[in-house]
1. Conditions first: (1) touching a strand residue (DSSP E or B) at 6+ places or on another chain (Cβ under 9 Å); (2) buried (at least 18 other Cβ atoms within 10 Å of the Cβ). Residue 1 passes all but one, so which condition is the exception?
2. Could you look through the stretch 8-27, keep only residues that are touching a residue at least 40 places away in the same chain (Cβ under 8 Å) and closer than 20 Å to residue 75 by Cβ, and pick out the one that is surrounded by the fewest Cβ atoms within 10 Å (Cβ to Cβ)?
3. Within the stretch 36-60, which residues are within 11 Å of the chain's Cα centre (by Cα) and assigned to a loop (DSSP other than H, G, I, E, B)?
4. Do you know which residues across the stretch 178-212 are touching a residue at least 12 places away in the same chain (Cβ under 8 Å) and more than 18 Å from residue 110 (Cα to Cα)?
5. Looking at 105, 96, 80, can you tell me which residue is outside any helix (DSSP H, G or I) and out of contact with any strand residue (DSSP E or B) (no Cβ under 9 Å at 6 or more places or on another chain)?
6. Mind checking which residues of the stretch 173-205 are crowded, with 20+ Cβ neighbours inside 10 Å and touching a strand residue (DSSP E or B) at 6+ places or on another chain (Cβ under 6 Å)?
7. Go through (1) surrounded by fewer than 23 Cβ atoms within 10 Å (Cβ to Cβ); (2) under 26 Å from residue 182 (Cβ atoms); (3) in contact with a strand residue (DSSP E or B) (Cβ under 8 Å, 6 or more places away or on another chain); (4) modelled with pLDDT of 95 or more and name the single condition residue 67 misses.
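The values are calculated or read from the model by the stated rules, or taken from the named source; none is laboratory data. As the structure is a computational prediction, the values presented were derived from the model and not from experiment. Counting neighbours? That spans all protein chains shown, and the Cβs are built from the backbone with ideal geometry, glycine included.
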């Protein structure tokens, strides 16, 4: 997999990893969640499945995150992540592997971003893992509503990563303020491509009820699979037979 450094619209360096396949049959971009990184197991396992069908794979680290791209963690917002996704896709349009019809896949905030991209663009299909649905709904989740006042007062939230124990994450309160402008429930009916949502019934970050609300708003061809005992990162589920079977069947149906 080739690693490339490009610049986003704000002049920040972005780390991109491309696994270009000769005689490729398709193209897929995969996006991590808030303060995530391109090597997240959920994304790399999904990439392996797409590669079995001769897809070129594009993974990247959003700026203001945990990965190799520039920026400060507390500077990340839904808007900045979405702009990075647009910038990656626009950059790819000038590359030899680009195909006009492609797939997107995203986890959590990455799921919001790729779904929002599908609202505004014609795609081959979209896979959403435990997607963020709405900034205002996010404020109402059990993990967030009780800390909002302190978060606003201090200007930053600090906590230990669930997916990478030992890593300390920081989120600025601008993430909350910016999030109030974003709501897929108002726009999801404009998505035209097939959509696959995979969530975990033990998700305590984006409740499965929020994901069901999004699913109900989507009018295009759609599937929703709930993984038993799955958490927000679908930890240890990404290697399961069930996980692979769901994605395999969906790719075949929408290839």
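1. (2)
2. Once the filter is applied, the top-ranked residue is 9.
3. Residues satisfying the conditions are 36, 37, 38, 40.
4. Those that are touching a residue at least 12 places away in the same chain (Cβ under 8 Å) and more than 18 Å from residue 110 (Cα to Cα): 189, 190, 192, 201, 202.
5. 96 is the lone residue from the list that is outside any helix (DSSP H, G or I) and out of contact with any strand residue (DSSP E or B) (no Cβ under 9 Å at 6 or more places or on another chain).
6. Of everything in the stretch 173-205, those that are crowded, with 20+ Cβ neighbours inside 10 Å and touching a strand residue (DSSP E or B) at 6+ places or on another chain (Cβ under 6 Å) turn out to be 194, 195, 196, 197, 198, 199, 200.
7. Looking at each condition in turn, residue 67 falls short on (4).
A quick yes/no check of all residues on (1) buried (at least 20 other Cβ atoms within 10 Å of the Cβ); (2) modelled with pLDDT of 95 or more; (3) within 16 Å of residue 9 (Cβ to Cβ):
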| position | (1), (2), (3) |
| --- | --- |
| 29 | yes, yes, no |
| 58 | yes, yes, no |
| 63 | yes, yes, yes |
| 80 | yes, yes, yes |
| 98 | no, yes, no |
| 108 | yes, yes, no |
